[in-house]
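Visitor: Supplied in structure tokens, the structure appears directly below.
The values are calculated or read from the model by the stated rules, or taken from the named source; none is laboratory data. Since we're looking at a predicted model, the values are computed, not measured. Cβ placement follows ideal geometry from the backbone for every residue including glycine, while neighbour counts extend to all protein chains displayed.
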Amino acid sequence: MIGSFYTVDQIAELLLIHPKTIQRYIREGKLHATKIGKRWRVSGHDLSRFTEDAPGLEGEKPPAAAPRERVKASAVVDIAVRGQTEATRLIHGLNAALCAKPPEYGQSSMVAQYLEPEDTVRLSLWGNAAFLAALLDTVQAYLSAEDGER
């Protein structure tokens, strides 16, 4: 009798769990799997038993996957600053804004660095268009406030 078998990636997608977590469950013996070639396979029966026995998974439907965003963008922004103190203040302010971003901005990231010889803060931004627009507006507001104080 041939039953259905699932790969680690398929299980991770079904349960909305990272594939490394599924591999850990297999290593720890929480999820019975068979190695076929170089890859693990889990029978439908074993997967059902796992989802029934696993704490936090019983009777719960996984949340609906977020819709795939149509636009992802990246930008590199160089901002002239007046020394390391201003650079540090700007970077800390932007990090705080990033930590407080609303969920509709989805996955996004910012890498900031101070280029001392050039007195420049370089930002590498990635995310949806709304996130980039909001962060660039925040930079502009910061710079306008800094210029107003001088």
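Visitor: What's the number of the only condition in (1) modelled with pLDDT under 85; (2) over 25 Å from E104 (Cβ atoms); (3) loosely packed, with under 12 Cβ neighbours inside 10 Å that G29 fails to meet?
Guide: The one condition G29 does not meet is (1).
Visitor: Considering only region 94-119, state which residues are surrounded by 15 or more Cβ atoms within 10 Å (Cβ to Cβ) and closer than 18 Å to D78 by Cβ.
Guide: Passing the criteria: L94, M110, A112, Y114, D119.
Visitor: What's the number of the only condition in (1) modelled with pLDDT of 85 or more; (2) surrounded by 14 or more Cβ atoms within 10 Å (Cβ to Cβ); (3) more than 23 Å from K72 (Cα to Cα) that W126 fails to meet?
Guide: (3)
Visitor: Among (1) charged (D, E, K, R); (2) without any contact (Cβ under 8 Å) to a residue 40 or more places away in the chain; (3) touching a Lys or Arg at 6+ places or on another chain (Cβ under 7 Å), there is one condition D78 misses while meeting the rest; what is its number?
Guide: With (1) charged (D, E, K, R); (2) without any contact (Cβ under 8 Å) to a residue 40 or more places away in the chain; (3) touching a Lys or Arg at 6+ places or on another chain (Cβ under 7 Å) applied to D78, the lone miss is (2).
Visitor: If you take the residues of region 8-25 that are touching a strand residue (DSSP E or B) at 6+ places or on another chain (Cβ under 9 Å) and closer than 16 Å to S48 by Cβ, which of them is surrounded by the most Cβ atoms within 10 Å (Cβ to Cβ)?
Guide: I22
Visitor: Among the residues of region 32-50, which ones are under 28 Å from the mean Cα position of the chain (by Cα) and surrounded by 13 or more Cβ atoms within 10 Å (Cβ to Cβ)? Spell out how you get there, then give the answer.
Guide: Initially, region 32-50 is screened for residues under 28 Å from the mean Cα position of the chain (by Cα), giving 39-42, 47, 50.
Once the filter is applied, which keeps residues that are under 28 Å from the mean Cα position of the chain (by Cα) and surrounded by 13 or more Cβ atoms within 10 Å (Cβ to Cβ), region 32-50 yields W40, R41, V42, L47, F50.
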